[in-house]
Amino acid sequence: MNKRQEQAEATKEKIKQTTLRLIKTKNFSDLSVEDITKASGVAKGTFYHYFKKKEDIILLLGLQSFVQLEDSTLRYEEGNINERLRYYFINFMKIIEDQGIELARQWLSYVVVPKLSESKFYKWDTDIAAIEKILRDGIDQHELAKNTPVDVIANILGTELYGMVSVWCMTDSEFVPSEWTGRFCDIQLPQLLKPYLIER
């Protein structure tokens with residue numbers, strides 16, 4: 001990457017991080033491109049060079065951190081399949097909580113009402129695919145039986161995660177997703193995987 005490309009990436013990242021900071025204190029619907037450019041210290045033309053609209057930033061924020069989490073989970077070597085899934089789920093919720101309830105509400109609105117976003121919002125698809133990869137890794141590591149219904153279990157687990165995020169948004173932060181995710185991992189996750197675990 002040359003210096004010009006590095007500067008371009010730094011500018012794009014600055015706009016993204018500024019937007020993330022702003023939506024922690026302001027409703028996304030009330031946030032304008034002008035608010036973002038002013039707080040970022042960039043011209044409107046610069047914003048539109050990288051993004052067609054402010055919603056594009058939400059799409060980017062909705063994927064980037066979770067791709068990194070998927071990679072770190074697949075490299076996580078300190079435990080069995082239950083512990084790797086727990087690592088993924090707890091850190092998934094920490095990312096959601098760190099990025100804030102307003103961003104979570106935007107993600108959910110794009111998942112629940114896809115026509116709100118002009119481009120297809122792949123967050124649900126990528127999250128389910130990540131869980132499937134972790135489960136398949138469990139099969140490859142001979143921790144789970146080959147007949148493990150990966151797609152079914154991944155969708156059940158994804159529904160649990162999104163359910164907790166939804167309740168967090170509905171209760172205006174009274175429900176703490178990371179706490180409930182820990183309870184889910186302690187109580188329900190082992191029971192869900194139990195029929196498919198290979199005893200060692």
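The values are calculated or read from the model by the stated rules, or taken from the named source; none is laboratory data. On a predicted model such as this, the values are computed, not experimentally measured, just so you know. For neighbour counting, all protein chains shown are included, and Cβ atoms are generated from backbone atoms with ideal geometry for every residue, glycine included.
For the reader, a short list of remarks on this structure follows.
- Per the conditions (1) assigned by TED's automatic domain parsing to the domain that holds Glu160; (2) surrounded by fewer than 19 Cβ atoms within 10 Å (Cβ to Cβ); (3) more than 16 Å from Leu161 (Cα to Cα), the sole criterion not satisfied by Lys44 is (1).
- Some residue of region 40-58 being among the charged types (D, E, K, R), within 21 Å of Gly158 (Cβ to Cβ) and modelled with pLDDT under 90: no
- Across region 128-163, the qualifying residues are those that are crowded, with 20+ Cβ neighbours inside 10 Å and of a type in the set (Gly, Ala, Ser), and the one among them that is farthest from Pro190 (Cα to Cα) is Ala130.
- Filtered residue count, region 171-200, keeping only those that are hydroxyl-bearing (Ser, Thr, Tyr) and surrounded by 15 or more Cβ atoms within 10 Å (Cβ to Cβ): 3
- Within region 103-127, considering residues that are surrounded by fewer than 18 Cβ atoms within 10 Å (Cβ to Cβ) and among the aliphatic types (A, V, I, L, M), the one modelled with the highest pLDDT: Val112
- Qualifying residue in region 81-104 (condition: in contact (Cβ under 8 Å) with a residue 24 or more places away in the chain and more than 18 Å from the chain's Cα centre (by Cα)): yes
- Number of positions in region 35-56 that are of a type outside the set (Gly, Ala, Ser), under 19 Å from Gln5 (Cα atoms) and assigned to a loop (DSSP other than H, G, I, E, B): 2
- Inter-residue pairs, beta-carbon under 8 Å, first over 21 Å from Asp172 (Cβ atoms) and modelled with pLDDT of 85 or more and in region 16-35, second among the basic types (Lys, Arg) and surrounded by fewer than 17 Cβ atoms within 10 Å (Cβ to Cβ), 6+ apart: Val33/Lys44; Val33/Lys53; Glu34/Lys44; Asp35/Lys26
- Only one of Glu70, Glu77, Glu132, Glu160 that is part of a loop (DSSP other than H, G, I, E, B) and charged (D, E, K, R): Glu77
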